[in-house]
Amino acid sequence: KGNRLTMAVAENYSKVLAYKDEYEVARQLTSEKFQQQLEAQFEGEFELEFNLAPPLISKINPATGRPRKRKFSSKMLPMLQKLAKMRNLRGTPLDIFGYSADRRLERRLISEYESDINTILSNLSSVTYDDACALAALAGSIRGYGPVKDAAYEKAQPQRQDLLSRVTQTSHNTSNLQEVGV
């Protein structure tokens, strides 16, 4: 069976922890690497436009349920640079983005994943190994932003509950069987 569980945890826990919030988007859009990639891809003069849906000012499109994106010119870069430098506010009471439903979901995913891993470790056996691996990898299916991520989260919950149940029930059943000498 190898290191399948270890790899699933390493890959998926890092994804759960490294979500792309407003500070990270600002950092990526203002990075030197991004600027170099643009210069390598386009010749001559070019004008940047950003299609963004800032959480504090974006209205929801009633047809899609998604925030409406707005075009911003390169004049937005100084503001994005300042926002990128404010990333140390992430997770503090001064983090104005931390109160949004999206950021609350991100924190819930981290907490749930850590809880799931603790459950896996408490119930790990050769009988529960495959379900444990599936549970550890499930977080990788929860991707996207806003309503897309919400839908992916909701879709994954029944499978998560089933896998949690199987990991704990199988473990208890195995213990019970061993106790009675089966």
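Filtering region 26-41 to residues that are surrounded by 15 or more Cβ atoms within 10 Å (Cβ to Cβ) and within 21 Å of ARG103 (Cα to Cα) leaves ALA26, ARG27, LEU29.
Report yes if LEU48 is more than 21 Å from the chain's Cα centre (by Cα) and either more than 30 Å from ASN118 (Cα to Cα) or modelled with pLDDT under 90 (or both), otherwise no.
Working: more than 21 Å from the chain's Cα centre (by Cα): yes; either more than 30 Å from ASN118 (Cα to Cα) or modelled with pLDDT under 90 (or both): yes.
So LEU48 passes the test.
Exactly one residue out of ALA136, ALA53, ALA84 is surrounded by 15 or more Cβ atoms within 10 Å (Cβ to Cβ) and under 20 Å from LEU164 (Cβ atoms): that is ALA136.
Please go through region 153-182 and pick out each residue that is modelled with pLDDT of 95 or more and either of a type in the set (A, V, I, L, M) or not assigned by TED's automatic domain parsing to the domain that holds LEU109 (or both). The answer is ALA156, LEU163, LEU164, VAL167. For region 65-72, state whether one or more residues are assigned to a helix (DSSP H, G or I), more than 30 Å from ALA139 (Cα to Cα), among the charged types (D, E, K, R) and not assigned by TED's automatic domain parsing to the domain that holds ALA136. Scanning region 65-72 turns up no residue that is assigned to a helix (DSSP H, G or I), more than 30 Å from ALA139 (Cα to Cα), among the charged types (D, E, K, R) and not assigned by TED's automatic domain parsing to the domain that holds ALA136. Evaluating LEU105 against the criteria (1) in contact with a Lys or Arg (Cβ under 9 Å, 6 or more places away or on another chain); (2) without any contact (Cβ under 8 Å) to a residue 60 or more places away in the chain; (3) more than 30 Å from ALA132 (Cα to Cα) leaves one unmet condition, (3).
This table checks each residue for (1) loosely packed, with under 11 Cβ neighbours inside 10 Å; (2) closer than 23 Å to ILE142 by Cα; (3) assigned by TED's automatic domain parsing to the domain that holds LEU135.
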residue	(1), (2), (3)
GLU11	no, yes, yes
VAL16	no, yes, yes
GLU43	yes, no, no
LEU48	no, no, no
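Considered as a group, the residues in region 61-74 that are exposed (fewer than 15 other Cβ atoms within 10 Å of the Cβ) and in contact with a Ser or Thr (Cβ under 8 Å, 6 or more places away or on another chain) include one that is farthest from GLU49 (Cα to Cα), and that residue is ARG68. Scan region 105-125 and give yes if some residue there is modelled with pLDDT under 90, surrounded by 11 or more Cβ atoms within 10 Å (Cβ to Cβ) and either closer than 30 Å to LEU164 by Cβ or not assigned by TED's automatic domain parsing to the domain that holds ALA26 (or both), otherwise no. No - not one qualifying residue is present in region 105-125. Would you say SER100 is surrounded by fewer than 18 Cβ atoms within 10 Å (Cβ to Cβ), polar (S, T, N, Q) and either at pLDDT below 90 or touching a strand residue (DSSP E or B) at 6+ places or on another chain (Cβ under 9 Å) (or both)? For SER100, the condition - surrounded by fewer than 18 Cβ atoms within 10 Å (Cβ to Cβ), polar (S, T, N, Q) and either at pLDDT below 90 or touching a strand residue (DSSP E or B) at 6+ places or on another chain (Cβ under 9 Å) (or both) - is met.
In the set (1) more than 22 Å from the chain's Cα centre (by Cα); (2) surrounded by 11 or more Cβ atoms within 10 Å (Cβ to Cβ); (3) without any contact (Cβ under 8 Å) to a residue 40 or more places away in the chain; (4) in a helix (DSSP H, G or I), the condition left unmet by LEU77 is number (3).
The values are calculated or read from the model by the stated rules, or taken from the named source; none is laboratory data. Everything quoted here is computed from the prediction, not taken from an experiment. Here the Cβ is made from the backbone with ideal geometry for all residues, glycine too, and neighbour counts use every protein chain on show.
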